[in-house]
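> Below is the structure I would like to discuss, written out as structure tokens.
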């Protein structure tokens, strides 16, 4: 799970402006929080002044940048990244991953997935395997290590049995667009573009283009006579010290009604 290489051609003023606008902060707000003058920030964004490392870190904190974007800002200013893949030992990273996998087990009998970069399935629990089996119509011992974009695009039972497929796809795209600066994965860009090209998804995106990524998504599955309704909740670690850890997410699928809860409990 190595971090993507940071681009060498980005200028500090351009990256700083982009990150500030992405955070939705004015120059005055950013300067006040970072403890510098608005004039100095204006000079930094125009290239008339060069920042020290401490100023870059203060700006990163003021803008609420994650590890990957903080590294990007430091690199653009000519400094070595603060955190990178490899800072933590293999044993420490294994401990963190075991802890995140424990969340999957604690969520039984309901589905939960461990995701990398918000798109690649690393592991699912038994509840997720049961859902995958029911949707596909064939028993599965484990959830396949698929890409969630490819799952959405792939014709078949999973797409056909997801009654609100277009809404779920639009929510996935909004979440991806919100995290795009951090992910920077060309292969995901191509898959996202294919998904956005679907007429129904495009209509939903255009109808509310400014809508923020929702913290929860509702999935409605139709399995013959059974209807399942599940909320999707994404959780991650706050302020990790390694980009490999930061890229991990746990996706919890929570029953949205009593019938769905009973189905997973086998009642």
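> Just the residues that are part of a loop (DSSP other than H, G, I, E, B) and either closer than 14 Å to residue 254 by Cα or at pLDDT 95 or above (or both), please, taken from segment 118-127.
Of everything in segment 118-127, just one residue is part of a loop (DSSP other than H, G, I, E, B) and either closer than 14 Å to residue 254 by Cα or at pLDDT 95 or above (or both), namely 125.
> Report the residue count in segment 18-39 for those that are within 20 Å of residue 50 (Cα to Cα) and touching a residue at least 60 places away in the same chain (Cβ under 8 Å).
Summing the residues that are within 20 Å of residue 50 (Cα to Cα) and touching a residue at least 60 places away in the same chain (Cβ under 8 Å) in segment 18-39 gives 2.
> Those residues that are free of Cβ contacts under 8 Å to residues at least 12 places away in the same chain and either part of a helix (DSSP H, G or I) or surrounded by fewer than 13 Cβ atoms within 10 Å (Cβ to Cβ) (or both), I need them from segment 130-150; list them, please.
Of everything in segment 130-150, those that are free of Cβ contacts under 8 Å to residues at least 12 places away in the same chain and either part of a helix (DSSP H, G or I) or surrounded by fewer than 13 Cβ atoms within 10 Å (Cβ to Cβ) (or both) turn out to be 133, 138, 139.
> Given the options 162, 115, 95, 104, name the one that is in contact with a strand residue (DSSP E or B) (Cβ under 8 Å, 6 or more places away or on another chain), farther than 30 Å from residue 17 by Cα and modelled with pLDDT under 90.
115
> In segment 227-243, how many residues are in contact with a helix residue (DSSP H, G or I) (Cβ under 6 Å, 6 or more places away or on another chain) and at pLDDT 80 or above?
Selection size over segment 227-243: 2.
The values are calculated or read from the model by the stated rules, or taken from the named source; none is laboratory data. Treat the numbers as computed from the prediction; the structure is a model and nothing was measured. Because the Cβ atoms are built from the backbone with ideal geometry, glycine has one as well, and the counts that use them run over all protein chains shown.
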